[in-house]
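Take a look at the structure below.
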Amino acid sequence: MKTVFMLFLHCLFCAPAISQVRWAAEAGMVSTTNHYQKKLTGSGTFYAGKGFVIGGSANYTIFRRVSGESGLNFQSRNFRYHSALIPDYTYKTAYRLQYLVLNQNLLVMTKAKKGFSFGTGTGFFLAYGLSGRYRSEVSTIRGLINTSGKLKLGNGDDDDLRRFDMGINVVVRSQYKNIRLTMQLSPSLTKNQPETNKSLFTNLSFTAGYLF
């Protein structure tokens, strides 16, 4: 399986060498959901948060209407946790993470009519965590207690989140001449905590870009 994966990766990255490359810049928003085992969160719930994404990609034709793209983005992932264990006691935490994300996708585009085309595709992403912060608020009958700090990223037992993330991409794109709008769903395949907790991210991004 690893051999097939690496061969697929190699073919995609070699494709630009035999085809014309066009560069694109894009920016937009991303919604991040943290999927956590209910039995581990108790009465608490994770909620999706909104962040932003900005970056660019190299785009190249593989076949007549099949194109590949290798993109590198900076992504801000935000999500929230809320728990009300007992009356008059609530616990809220907001998480803010920064990732450098490499996307590798294959897309099939329709034939352009009056400059407009539509396409879908799939691929994978590899993400590297740059930093993370949290801000907590505990509300009791005695008042509010606020705390904040940095999240430890790594693979150790005392780390808060894994530094590396990877998963699949599902892409839907509409394009008018050099302007394009992209929706990308990116569920993770690796758990984001070093411990045994099965916690996974799902990212849904909407971006606008320009093809040079």
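Take the alpha-carbon centre of the range 140-179, take the same for the range 48-88, and report the distance between them in whole Å. Comparing the Cα centres of the range 140-179 and the range 48-88, I get a distance of 10 Å. Ordered by the number of other Cβ atoms lying within 10 Å of each residue's own Cβ, fewest first, T61, T182, T110 fall into the sequence T110, T61, T182. Couplings 3J(HN,Hα) of the range 148-161, computed from phi: 8, x, 8, 8, 8, 9, x, 10, x, 5, 9, 7, 7, 9 Hz, in residue order, whole Hz [Karplus 6.51 cos²θ - 1.76 cosθ + 1.60, θ = phi - 60°; x for Gly and Pro].
Only the coordinates and a few stated rules stand behind these numbers; no lab work does. On a predicted model such as this, the values are computed, not experimentally measured, just so you know. Neighbour counts are summed over all protein chains in view; Cβ atoms, including those assigned to glycine, are modelled from backbone coordinates with ideal geometry.
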